[in-house]
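Since every read-out is calculated from the coordinates, none of them should be taken as a lab result. Since this is a predicted model, take the numbers as computed values, not measurements. Please note: Cβ atoms are built from the backbone with ideal geometry, for glycine as well, and neighbour counts cover all protein chains shown.
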Amino acid sequence: MKYIKTRSKEAALHVESHLKEKTAITVTISSAPIIHNALLKSNAEFSLLPDYARKNEINRKNQLWMETADNNNPFILGDMTNAVVEFSHSICQKCAHKHSPDLEIYHD
């Protein structure tokens, strides 16, 4: 039983450490001016809508997103060709490795 408790504590510490690292990355990314400004703009646009219209618009976009299989669909292209996406692809682990394999900024 002591072994199980010890292993459980070790696992919990590992998970906590991993979550703290991911949280720090998220806070850093979300504080980037390009992300911050895009969120302010989006929130301002949605705040002008009444609650029911805002919910309907979010649901409509989510439904379109889930149903679209073609990457060349205008809806997808409209949401995937902007400065925020370019920025996020520069820090996404998979994309960063693909575009800058010599830059080792992630520890996994």
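Averaging sequence separations of C-alpha pairs under 8 Å and six or more residues apart, then dividing by the length of the chain, give the relative contact order as a whole percent. Intermediate values should be presented prior to the final figure.
Values: 22 pairs, mean separation 17.3, N = 108.
It rounds to 16 percent for the chain.
Please give the contour-minus-distance gain from Glu86 to Ser17: 0.36 nm per residue of separation, less the Cα-Cα distance, rounded to one decimal in nm. Before the final figure, lay out the partial values.
Working: separation 69, 0.36 × 69 = 24.84 nm, distance 2.90 nm.
Extra length available between Glu86 and Ser17 comes to 21.9 nm.
Rounded to the nearest 500, what is the 222 nm mean residue ellipticity of the chain from helices alone, with -39500 (n - 2.57) per DSSP H run of 4+ residues and division by all residues?
Details: 6 runs with 84 residues, N = 108.
Value at 222 nm, helices only, nearest 500: -25000 deg cm²/dmol.
Note down the nm distance, to one decimal, between modelled labels 7 Å out along Cα→Cβ at Lys55 and at Ala32.
Between Lys55 and Ala32, the label points sit 3.3 nm apart.
Note the listed values (1) 11.1; (2) 8.1; (3) 6.2, then indicate which one is mean projected area of the Cα convex hull in nm² calculated from this particular structure.
Evaluating mean projected area of the Cα convex hull in nm² on these atoms matches (1).
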